[in-house]
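First comes the structure, then the notes that go with it.
The values are calculated or read from the model by the stated rules, or taken from the named source; none is laboratory data. It should be emphasised that the depicted structure is a prediction, and the values quoted were computed from it without experimental measurement. Ideal geometry is used to build each Cβ from the backbone, glycine not excepted, and the neighbour counts take in all protein chains shown. When the accessible area is computed, the model is the full protein with side chains, heavy atoms only, and any ligands, DNA or RNA have been set aside. Shrake-Rupley method; radii C 1.70, N 1.55, O 1.52, S 1.80 Å.
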Amino acid sequence: MPSPAHNSDAMLRAQQVSALIQGEVLSLPDACVRLADGRWPLTAEAKSAADTVRSDLLIVPVAVDFVAVLTQTCDLQRTTEEDAFCQVAPVLTVTEQMANEVARGWRPRYVAIPWFNASAVADLGRVTTVERSLLVDAQSVGRPGDPATRFHLAEMIGRHTSRAALPDSVSEAVRPILARMKSKNDKQSSEGRCVRLLASIRAEARPHFDAVPLDLTLLFVISEEDLPSLPASVEPDHANIDKLVLAGATAAADAVERATDALAARESWIALTEIWAREARIHSESSDDVSSVSAEVLNGEELSFARSRNAPELDLAYLSTRVA
């Protein structure tokens with residue numbers, strides 16, 4: 001058994017992790033592991049381990065060289081016997097398209113780690129708890145550099161476990177929209193570029209998500225840069241919007257890209273999202289659970305905190321690939 005002096009020295013060493021911050025990338029090969037049932041291995045790595053080690057409980061290493069620290073920075077400041085652990089996730093290098101989807105929040109299992117490299121993501125589906133002393137001598141190879149980046153990272157990490165489970169009726173209603181967006185996302189077209197400009201899609205239900213039937217509003221949130229706020233005295237011209245809707249998605253997306261002022265941008269975005277929502281609206285006509293579907297366009301400044309709390313983000317990766 002280690003002596004009290006040894007335990008004290010180990011604690012002093014572990015307290016050096018106070019220099020680390022959430023999102024820091026460390027060179028730490030073989031630090032990530034997972035547990036598996038040796039009798040019923042699910043993955044190739046677990047099957048290989050089961051062939052080597054005859055045990056019902058297998059420790060399967062995750063073959064990565066770098067990890068990202070997930071524990072909050074404030075929680076790393078003081079190490080005690082009761083709080084001697086932290087969590088890390090493996091860092092993967094993925095395709096440019098996947099990195100872009102992760103950065104936009106379209107793949108909630110992952111978070112973007114661009115301070116390591118432009119195609120780096122942390123896999124939140126394979127988190128490992130480690131004792132803090134393990135991290136002390138690890139080389140830091142990148143960290144988020146400014147408060148806005150660190151706040152955004154914390155939000156994305158939290159989103160992995162805080163996503164709301166939407167009713168099946170809502171998932172069914174919005175699937176055609178999200179399937180279309182998935183098909184357009186990597187296209188070098190005006191519509192594809194507009195899809196990539198979306199900061200978030202949120203679902204709002206009235207009177208609430210447990211109601212049958214419910215009225216569904218899809219909130220398409222766009223950055224203030226791409227969707228400037230209108231002056232209080234200016235209203236969109238619905239005749240212009242109707243013309244763009246009739247002209248189709250390509251014409252509406254072209255109008256988004258051509259827009260040179262806040263009013264033109266607003267009208268073209270409203271038209272494009274109306275077109276995107278049309279299939280969901282058609283679906284609702286034959287549904288007993290969703291009585292109506294509407295679309296609303298707004299920027300981050302216009303989305304209030306109170307409203308965002310009652311309008312969960314759509315999990316695009318899940319809803320656009322789900323098998324019926």
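What the phi angles of region 101-106 give under the Karplus curve with 6.51, -1.76 and 1.60, with θ = phi - 60°, is a coupling list of 5, 5, 4, 8, x, 7 Hz, glycine and proline written as x.
3J(HN,Hα) along region 242-254, derived from phi through the Karplus expression 6.51 cos²θ - 1.76 cosθ + 1.60 where θ = phi - 60°, amounts to 4, 4, 5, 4, 5, 6, x, 5, 5, 5, 5, 5, 4 Hz, with x in place of Gly and Pro. Counting only heavy atoms of the protein chains and using a 1.4 Å probe, residue 270 has close to 40 Å² of accessible surface.
Computed with a 1.4 Å probe over protein heavy atoms only, the accessible area of residue 209 comes to about 50 Å².
Taking the longest Cα principal axis of the chain as reference, the axis of helix 168-185 is set at about 90 degrees.
Accessible area of region 1-66 with a 1.4 Å probe: how many percent of it is carbon plus sulfur?
Carbon and sulfur atoms account for 59 percent of the accessible area of region 1-66.
Taking every alpha-carbon pair under 8 Å whose residues sit at least 6 apart, the chain reaches a relative contact order of 16 percent.
Between residue 295 and 218, the built amide H atoms are under 5 Å apart, and every one of these is 5 or more places off in sequence or on another chain.
Relative intensity of region 95-254 on a log10 scale, I(q)/I(0) at q = 0.09, 0.13, 0.18 Å⁻¹, equals -0.44, -0.86, -1.37, per a Debye sum over C-alpha point scatterers of equal strength in the absence of solvent. If you sort 152, 238, 283 by accessible surface, 1.4 Å probe, largest first, the order is 238, 152, 283.
Which shape class applies to region 171-227: rounded if a/c is under 1.5, otherwise prolate when a/b exceeds b/c and oblate if not, where a ≥ b ≥ c are the square roots of the Cα gyration tensor eigenvalues? Here region 171-227 falls in the oblate category.
Considering all different alpha carbon pairs of the chain, the Kirkwood hydrodynamic radius works out to 22.5 Å. For the chain, a crude dipole built from +1 on the beta carbon of Lys and Arg and -1 on the beta carbon of Asp and Glu, taken about the Cα centre, is about 600 debye to the nearest 20. Taking amide H atoms as placed 1.01 Å from N in the peptide plane, the amide H of residue 290 lies under 5 Å from those of 214, each 5 or more residues away in sequence or on another chain. Across region 168-268, the relative contact order, built from alpha-carbon pairs under 8 Å that are at least six residues apart, equals 23 percent.
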